[in-house]
Structure formats: C-alpha cells, structure tokens
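Working notes for the structure below.
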Amino acid sequence: MQDLQTGDIAPIRVGGLLLPSNVLMAPLAGYTCYPFRMLAYELGAGLCFTEMCSANALKYEDKATKRLLLTTKDEPIKAVQLLGGNPAVMEQMAKSVLLEAFDIIDINMGCPVPNVFKSGEGSALMLDTKRAAAIIRGCKRSGKIITVKCRVGIREDDLFAAEFARVCEDAGADMITIHGRSRSMMYDGEPHKNEIEQAKAAVSIPVIANGGIFSAEDAAAMMDDTGADGIMVARYGLEYPFIFRDLTGKHSDKTPFQILVDQIELTAQYYEETFTLSYMKKLASYMMKKKKGTKRYKESLFRSGSLKELREVIALIFADNPV
C-alpha cells in the first residue's frame, strides 16, 4: 500500500477551483459548523461543507437554518450542502442572496433518513433521475460550482453508482462524492468499493470515495481499491481531527487540549453560549472516545452549565493527553 502523503494525496481541481488537498470533510448535522470547518482546514482538509441545509427551510427564512450558513472571509473555500427535492426551489435558493458567499453548492442525494427519503429528498432522488438531473441543471444556473453527494444505491440487491454518476455528470455536476453504502445500510456495514470503482471509470469528473474510513490505513485502502480522485472523512474526523494532518502532512503541533480551547473561543465569538456549550460537549465527547480513563469525566462534561465549567472539565480530560 503506498504512502498517502507522497502518493495519492494531492491538490485537486473542482470546476474552476483548485482545492489544496483531496482529503475532504463530510457535512455532518450538528457538527460541521463554521468553527469545526476552520479546524479541519487548519489541519489540512481540502474542502469542508456546512451542515445539511433544507432549501425549503431557507425559502421561508427559518432562523435555525440560516444560522447553518455562517461563514467569514477567513474561511478558505466556502461550500454549502443543500437538501431539497423541488427543482424550482433548489434553483431559487442556489441563486439567492443567502448563498451569495459560497463558492460551491453540494446537493444532498444520499441522506438515508426515513422522513427525508419519504419526502422525495436525499437518497430518494437516486430513484428519480429526471428530477435529480433537473435539480443539478437548475443549481448550475447559479453560476456556482455544483457537486453531488449520493450513495451506491437504495437496496443491497440493486446498486447503480456508475449509472447515477453518469446522470450527474451529464446534468453538469463538477464532482460527485459516493458513499459506499446503500440507503438500506444506513451508516453501518462494509462499503461497496467496487461500485465506487465502476463509477470512477464511468465519468470524467472527480469522484470522491466516502464511507468506512476510520484510520489512515482505511483511507489508503479506499484510494487503492477504488481509484477515486480523493476521499471524504466523516465521523472519524470528529473523533480524530488530526487525520487531516496525518494524511496531508500539513504541520500542526497542537494538542487535543489546545484544539478544544481554540474551538471554544472561536465558537463563542460567533454563536451564543447555549450553542457553544452544546457543540463543544458533543465534539469533546467524540474526541475522548478512545482515551483511557476519561469515561468518569463524561457526566461532568455534559453537566457543565457555563463556558468556565466546560473549560475546567476539558482541562481535566485533555490537558495531559497529547497526540
């Protein structure tokens, strides 16, 4: 298996943008807010996406959804993930002033959650290629770079990643990320790497492989086995953000404690205390998963009622736990 730092990991062109690396961070509800995206970029990620944003909610100017769009001039590349099943509404939002700051719009065609699927959004779009293509074409008229995130299929007995990748490319998508699991698999089980490999062979746009990457070795195997143009890290990026540094070779000597202290400060700068406490508790909980002897602090972590208390508990857990 080749060394990812000197082999497969490299800048990648998507539309008119050159991403600094082909190691991407997935959009994750409740986690990929502005502070976490800035952390991932700092550690070497080539592209990070907002949390999934509902086009319908944005249309009606839902405050909670609009908060997901927070970005600043400091974010190197701005990418939003949009969820929706109505081509007209998707195009309207893609062109709207709400998304004016963003360079890239990623269309969610992979979410497996039942209420999303039943509403004809997310992975349900893979079963309606005409509507999927219309959404891509409509969003493309915004003039922005358009990417798509999908799955390898809906059921285990009917996988069609290559066919769907061609639909996306023909409609104008600039890149496609393929989660190697079917919709029925949700978030568990061995990814179907052969489906990603076939999709890569079927199109000329970049294909990013996603699913089941929980170590640098998994990342290397995913690249080797699929021939993909890059990889997308999801939950493991929360548990071990240093995966971006390890894969890209970008220098950072920060400890987990320093990372979390910086995250508290940045989050508190842009969000209210309630949000900051909620987000930081979840992130710290992920980052302490494999640290021995820290379980006893978990209750204290979630009981923290102020940023001062939160900092104290995080110091107990992480101050003497460098990577």
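The values are calculated or read from the model by the stated rules, or taken from the named source; none is laboratory data. Because the structure is predicted, anything quoted here is derived from the model rather than measured. Heads up, the Cβs are rebuilt from the backbone with ideal geometry, glycines too, and the neighbour counts pull from every protein chain shown. Surface areas here come from the heavy atoms of the whole protein model, side chains and all, with no ligands, DNA or RNA. Shrake-Rupley method; radii C 1.70, N 1.55, O 1.52, S 1.80 Å.
Could you please find all residues in segment 217-250 being open to solvent by 10 Å² or more (accessible area, probe 1.4 Å), under 26 Å from Y279 (Cα atoms) and assigned to a loop (DSSP other than H, G, I, E, B)? Result: A234, Y240, K250. Tell me which residues, restricted to segment 122-146, are out of contact with any Lys or Arg (no Cβ under 8 Å at 6 or more places or on another chain), within 16 Å of F164 (Cβ to Cβ) and crowded, with 23+ Cβ neighbours inside 10 Å. Within segment 122-146, G122, A132, I135, I136 meet the criteria. For segment 262-271, residues that are among the polar types (S, T, N, Q) and open to solvent by less than 70 Å² (accessible area, probe 1.4 Å) total 2.
Checked against (1) aromatic (F, W, Y); (2) touching a Gly at 6+ places or on another chain (Cβ under 8 Å); (3) in a loop (DSSP other than H, G, I, E, B), F214 passes all but a single condition, namely (2). Among the residues of segment 23-53, just one is part of a strand (DSSP E or B), without any contact (Cβ under 8 Å) to a residue 40 or more places away in the chain and open to solvent by 10 Å² or more (accessible area, probe 1.4 Å), namely E51. Among the residues of segment 272-321, the one identified as under 20 Å from C33 (Cα atoms), open to solvent by less than 20 Å² (accessible area, probe 1.4 Å) and not in a helix (DSSP H, G or I) is M288.
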